[in-house]
Amino acid sequence: MANRARVLIVDDLAENLEVFSGILEPEGYRIDTASDGREAVEKALRDPPELVIMDVSMPIMNGIEACSILKNDERTRFVPIVLVTALVAREDRIAGIAAGCDDFLSKPVDFEELTVRTRSLLRTKALVDELEVAENVLVSLATALDAKDNYTRGHSERVGTWSRGVAAALGLSPGDVDLIGQAGLLHDIGKIGIPEAVLRKPGRLDAEEWSVMRNHPLIGAQIVAPFDFFTGGAQMIRHHHERWDGSGYPDGLAGEEIPVGARIIAVADVYDALTSNRPYRLALPHAAVVEHLKEAAGHTLDEDSVAAFIGLIQTLSTEKSDVGARAAVRDSC
């Protein structure tokens, strides 16, 4: 796979482009070139390469500026970028790290080092691409599961979005916020392993059916566990039906034994379930569900997660009202 990869080489000196191309083309890589940072950004965003090797000192737009743009764009943020800089240019290296570059090559470039670094970074990029595909498959499965039933359509997406918002409101790290949002999106993926007769029953489950349904957190955790990119997420999925007082399942965890991500997802899950129609009952009013969450805080649900969730939905409600008011004023003019 690496030998078919496309490498974008960026330098304002034509002779440098020729030399780098002459080294990498015999390795089997497809070579594209750009003569300044702006051209590199345009080419990379239009058709993302597998690797960018870019000089720092260039006219119009330098390599650090171009690197920053590419690393902040969803289309190219995972494309490895190697900056070529003078060995003594310490400030360039610091700025390059801040811009998000993945590696450096020092001038004059050692050709063997260039080849080895290229091979290594492309191998890493191939692994990232494979993990991204795996993640997309899991998300597609979760979305398809929701879409099969009008009563659950959009449920996982809403829980994921709200879980991400609550995690951010609680001041968790960006990495944890992303992981909790993903786990919220995938929290019910284990229902793939639940028989349709149980999953789609138009009424309340009996004791035997309920015993089967309670397996879905375990099945979900088993589905996502093999994926390294989701380390920690499997435990959130496994424990999203645990309760603060220990009355939940599958393991009867209580209080802070429950992973914080699972506590957050539990609140979002309860809110969405109660404000949505089900075969055996109609959706409850928003205000009634908020009161239910407040009563459950510190008993079956984590108090901090409940408070953050209520604050989040109140903020969203206010923003929605403000947008509606501004639209009404605009339309009346």
Residues in segment 263-279: is at least one in contact with an Asp or Glu (Cβ under 6 Å, 6 or more places away or on another chain), assigned to a helix (DSSP H, G or I), within 20 Å of Phe309 (Cβ to Cβ) and in the same structural domain as His155 (by TED's automatic domain parsing)? yes
Scanning segment 203-254 residue by residue, those surrounded by fewer than 20 Cβ atoms within 10 Å (Cβ to Cβ), assigned to a loop (DSSP other than H, G, I, E, B) and among the acidic types (Asp, Glu) turn out to be Asp206, Asp245, Asp251
What are the pairs, 6+ residues apart or on separate chains, where a residue within segment 297-316 that is in the same structural domain as Asp269 (by TED's automatic domain parsing) has its Cβ under 7 Å from a residue that is surrounded by fewer than 17 Cβ atoms within 10 Å (Cβ to Cβ) and of a type outside the set (A, V, I, L, M, F, W, C)? Ala297/Glu303; His299/Asp245; Thr300/Asp245; Thr300/Ser247; Val306/Lys294
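Residue check: is Phe20 aromatic (Phe, Trp, Tyr), out of contact with any strand residue (DSSP E or B) (no Cβ under 8 Å at 6 or more places or on another chain) and assigned by TED's automatic domain parsing to the domain that holds Phe111? It would help to see each step written out before you state the result.
Details: aromatic (Phe, Trp, Tyr): yes; out of contact with any strand residue (DSSP E or B) (no Cβ under 8 Å at 6 or more places or on another chain): no; assigned by TED's automatic domain parsing to the domain that holds Phe111: yes.
No.
Test Val267 against the criterion of being under 24 Å from the mean Cα position of the chain (by Cα), buried (at least 19 other Cβ atoms within 10 Å of the Cβ) and hydrophobic (A, V, I, L, M, F, W, C), and give yes or no.
On the way: under 24 Å from the mean Cα position of the chain (by Cα): yes; buried (at least 19 other Cβ atoms within 10 Å of the Cβ): yes; hydrophobic (A, V, I, L, M, F, W, C): yes.
Here the answer is yes, as Val267 does meet what is asked.
Identify all residues within segment 5-32 that are among the small types (Gly, Ala, Ser) and more than 36 Å from the chain's Cα centre (by Cα); write none if there are none. Before the answer, list the steps.
Of segment 5-32, the ones among the small types (Gly, Ala, Ser) are 5, 14, 21-22, 28.
Ala14, Gly22 - these are the residues of segment 5-32 that are among the small types (Gly, Ala, Ser) and more than 36 Å from the chain's Cα centre (by Cα).
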Within segment 176-194, is even one residue over 22 Å from the mean Cα position of the chain (by Cα) and either modelled with pLDDT under 85 or not charged (D, E, K, R) (or both)? yes
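Taking segment 255-264, which residues are among the charged types (D, E, K, R) and surrounded by fewer than 15 Cβ atoms within 10 Å (Cβ to Cβ)? Before the answer, list the steps.
Step one: filter segment 255-264 for residues among the charged types (D, E, K, R), giving 256-257, 263.
Glu256, Glu257, listed by residue number.
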Of the residues in segment 150-171 that are at pLDDT 95 or above and outside any helix (DSSP H, G or I), the one that is nearest to Ile313 (Cα to Cα) is Leu170
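Quick check, is Leu24 in a helix (DSSP H, G or I), touching a residue at least 40 places away in the same chain (Cβ under 8 Å), surrounded by 14 or more Cβ atoms within 10 Å (Cβ to Cβ) and not small (Gly, Ala, Ser)?
Details: in a helix (DSSP H, G or I): yes; touching a residue at least 40 places away in the same chain (Cβ under 8 Å): yes; surrounded by 14 or more Cβ atoms within 10 Å (Cβ to Cβ): yes; not small (Gly, Ala, Ser): yes.
Spelling it out, Leu24 is indeed in a helix (DSSP H, G or I), touching a residue at least 40 places away in the same chain (Cβ under 8 Å), surrounded by 14 or more Cβ atoms within 10 Å (Cβ to Cβ) and not small (Gly, Ala, Ser).
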Those residues of segment 86-114 which are surrounded by 15 or more Cβ atoms within 10 Å (Cβ to Cβ), part of a helix (DSSP H, G or I) and not hydrophobic (A, V, I, L, M, F, W, C) amount to Asp92, Arg93, Gly96
Given the criteria in the same structural domain as Arg263 (by TED's automatic domain parsing), surrounded by 15 or more Cβ atoms within 10 Å (Cβ to Cβ) and either of a type in the set (Gly, Ala, Ser) or without any contact (Cβ under 8 Å) to a residue 24 or more places away in the chain (or both), does Gly181 qualify? yes
Failed item, numbered, when Leu83 is tested on (1) in contact with a strand residue (DSSP E or B) (Cβ under 8 Å, 6 or more places away or on another chain); (2) in a helix (DSSP H, G or I): (2)
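Whether any residue in segment 209-217 is in contact (Cβ under 8 Å) with a residue 40 or more places away in the chain and either farther than 23 Å from Val177 by Cβ or of a type in the set (Asp, Glu) (or both) is what I want to check.
No, there is no match, as no residue in segment 209-217 is in contact (Cβ under 8 Å) with a residue 40 or more places away in the chain and either farther than 23 Å from Val177 by Cβ or of a type in the set (Asp, Glu) (or both).
The values are calculated or read from the model by the stated rules, or taken from the named source; none is laboratory data. Keep in mind it's a predicted model, so treat the numbers as computed, not measured. Neighbour counts are summed over all protein chains in view; Cβ atoms, including those assigned to glycine, are modelled from backbone coordinates with ideal geometry.
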